[in-house]
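The values are calculated or read from the model by the stated rules, or taken from the named source; none is laboratory data. Just so it is clear, the structure is predicted and the values come from calculations on it, not from any experiment. Cβ placement follows ideal geometry from the backbone for every residue including glycine, while neighbour counts extend to all protein chains displayed. Each accessible area value is taken on the protein alone, full model and side chains, heavy atoms only, with ligands, DNA and RNA left out. Shrake-Rupley method; radii C 1.70, N 1.55, O 1.52, S 1.80 Å.
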Amino acid sequence: MRPLSIGLFLVAMTSSALAATYNMAAPILPDPKLSPGDVLTSDTAIICKPGYTQTVRNVPQALKNQVYKEYGITSRLPGEYEIDHIISLELGGSNSAKNLYPESFKTQPLNAHVKDTLENKLHALACAGTITMQEAQRAIASNWTAAYVKYVGPLPGGVSPVSSGTVSTPAPTAVQQIPAQPPTSASVAPLADGSCPPSAPVKLSKAGIYHLPTGDSNYGRTHATQCFTDAASAAAAGFRGVK
């Protein structure tokens, strides 16, 4: 066998061996008992503002490790998984464990890249007013593979949507529970003990840094000087989040 042929043969064998080590049984849909989906806001005036996701993205590695553990994933290869937001940040999803699950980049034909396509499509539709943000949130939380067929088109490879027979809820209850406020009225005074009311849970510290109620280890001991309904409102007021 000539050197070039040997090289190509070894590359093919290495690729096949590496693919065999990936977990091809990785979850396509999240387990609704572990992570049914959760939202931070449904307000398009906030979500559709350019740069919004950067102001709210905050998933510490410790929380990611917790999600892997809950899903029984004890080992993984570099680049195999991401801890994905079920309801993506660009659709108003939260950073809580209820809205996170391990999604594989390597399963075929359905994987994290395919779901990203749906997220972008739903964001465009909701921000254009074609559908409501709540409709987008419910669709992707209930069964993103079915939502892909409805809003994007046939799934890659011509596969059918994954069965969601184990899904116990058609949508995350938080979609109806969290009232979103426009940024112009998002700042309120803290309570006497330095905490923030449930309607405006984001704390602003004396240093001018805002702290989120989930995924921020400093949140509990921060004495608020102002309270905001969400991170986007705090950022719009000129403050920054935790680096």
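Being open to solvent by 30 Å² or more (accessible area, probe 1.4 Å) and not basic (Lys, Arg) is the filter here; which residues of segment 66-80 pass it? Spell out how you get there, then give the answer.
Here is the first cut: in segment 66-80, the residues open to solvent by 30 Å² or more (accessible area, probe 1.4 Å) are 66, 69-72, 74-79.
Hits for segment 66-80 are Gln66, Glu70, Tyr71, Gly72, Thr74, Ser75, Leu77, Pro78, Gly79.
Residue by residue through segment 34-65, note down the ones that are surrounded by 14 or more Cβ atoms within 10 Å (Cβ to Cβ), of a type in the set (S, T, N, Q) and not in a loop (DSSP other than H, G, I, E, B).
Thr44, Thr53, Thr55
Would you pick out the residues in segment 193-243 that are within 15 Å of Val59 (Cα to Cα) and open to solvent by 30 Å² or more (accessible area, probe 1.4 Å)?
Kept after step one, since they are within 15 Å of Val59 (Cα to Cα), are these residues of segment 193-243: 211-219, 231, 241-243.
Correct list: Pro213, Thr214, Gly215, Ser217, Asn218, Tyr219, Val242, Lys243.
Go over the candidates Thr184, Thr222, Thr166 one by one and state the one that is assigned to a loop (DSSP other than H, G, I, E, B) and modelled with pLDDT under 85. Working first, answer last.
Values: Thr184 fails: assigned to a loop (DSSP other than H, G, I, E, B); Thr222 fails: modelled with pLDDT under 85.
Going through Thr184, Thr222, Thr166 in turn, just one is assigned to a loop (DSSP other than H, G, I, E, B) and modelled with pLDDT under 85: Thr166.
Where the second residue is part of a loop (DSSP other than H, G, I, E, B) and open to solvent by 20 Å² or more (accessible area, probe 1.4 Å) and the first is under 15 Å from Ser199 (Cβ atoms) and among the β-branched types (Val, Ile, Thr) and lies in segment 222-235, which pairs have Cβ atoms under 8 Å and are six or more apart or on separate chains?
From segment 222-235, the pairs are Thr229/Ala180; Thr229/Gln181; Thr229/Ser199; Thr229/Pro201.
Of (1) over 9 Å from the mean Cα position of the chain (by Cα); (2) open to solvent by less than 20 Å² (accessible area, probe 1.4 Å); (3) closer than 16 Å to Gln137 by Cα, Leu91 satisfies all except one. Which?
(1)
Is at least one residue of segment 97-111 open to solvent by less than 40 Å² (accessible area, probe 1.4 Å), without any contact (Cβ under 8 Å) to a residue 40 or more places away in the chain, more than 22 Å from Lys49 (Cβ to Cβ) and touching a helix residue (DSSP H, G or I) at 6+ places or on another chain (Cβ under 6 Å)?
No, because not a single residue in segment 97-111 is open to solvent by less than 40 Å² (accessible area, probe 1.4 Å), without any contact (Cβ under 8 Å) to a residue 40 or more places away in the chain, more than 22 Å from Lys49 (Cβ to Cβ) and touching a helix residue (DSSP H, G or I) at 6+ places or on another chain (Cβ under 6 Å).
Would you check which residues across segment 95-120 are in contact with a strand residue (DSSP E or B) (Cβ under 8 Å, 6 or more places away or on another chain) and under 14 Å from Arg138 (Cα atoms) and list them? Quick ask: steps written out before the conclusion?
Filtering segment 95-120 down to residues in contact with a strand residue (DSSP E or B) (Cβ under 8 Å, 6 or more places away or on another chain) leaves 95, 99-105, 111-112, 115.
Within segment 95-120, just Asn99 meets the criteria.
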